[in-house]
Amino acid sequence: MAAKKKTDELARWDDYGFATYGQLKLMTDVVQAKNKFALVEATMAWVDTVDFHVASIVHPFKDTEDVTKDTHKHTVDNMNLGAWYAGRH
């Protein structure tokens, strides 16, 4: 639809009017984002169940072998992602 530049009126309901291409595209983006969040949550749940042996930790992660998984998770969960720590703003 976008390639043919026919994006004005795609769907119409007598009670509600019509939906534009932009509205339908937004709905598609929201559904895709929800699906990706579900995959991320499943991955995070899996990561919580995985155990790593100290011997399997290799460079460049060797400096983290003394940090427990719970400590690392707590640190990451409490990071302020809205703050700038270095660089230009």
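Overview of results
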item	result
Search result, residues across the range 69-78 that are surrounded by fewer than 10 Cβ atoms within 10 Å (Cβ to Cβ) and modelled with pLDDT of 85 or more	Asp70, Asn78
Some residue of the range 75-83 being farther than 30 Å from Arg12 by Cα, of a type outside the set (Val, Ile, Thr), out of contact with any Asp or Glu (no Cβ under 6 Å at 6 or more places or on another chain) and in a helix (DSSP H, G or I)	yes
Filter result for Ala45 (within 17 Å of the chain's Cα centre (by Cα), free of Cβ contacts under 8 Å to residues at least 24 places away in the same chain and surrounded by 10 or more Cβ atoms within 10 Å (Cβ to Cβ))	no
Pair list, Cβ under 7 Å, 6 or more apart: the range 51-65 residue part of a loop (DSSP other than H, G, I, E, B), other residue surrounded by 10 or more Cβ atoms within 10 Å (Cβ to Cβ) and among the hydrophobic types (A, V, I, L, M, F, W, C)	Glu65/Ile57
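The values are calculated or read from the model by the stated rules, or taken from the named source; none is laboratory data. Note that the coordinates shown come from a computational prediction; the quantities given were computed from them, not determined experimentally. Every residue, glycine among them, receives a Cβ derived from its backbone with ideal geometry; neighbour counts consider all protein chains shown.
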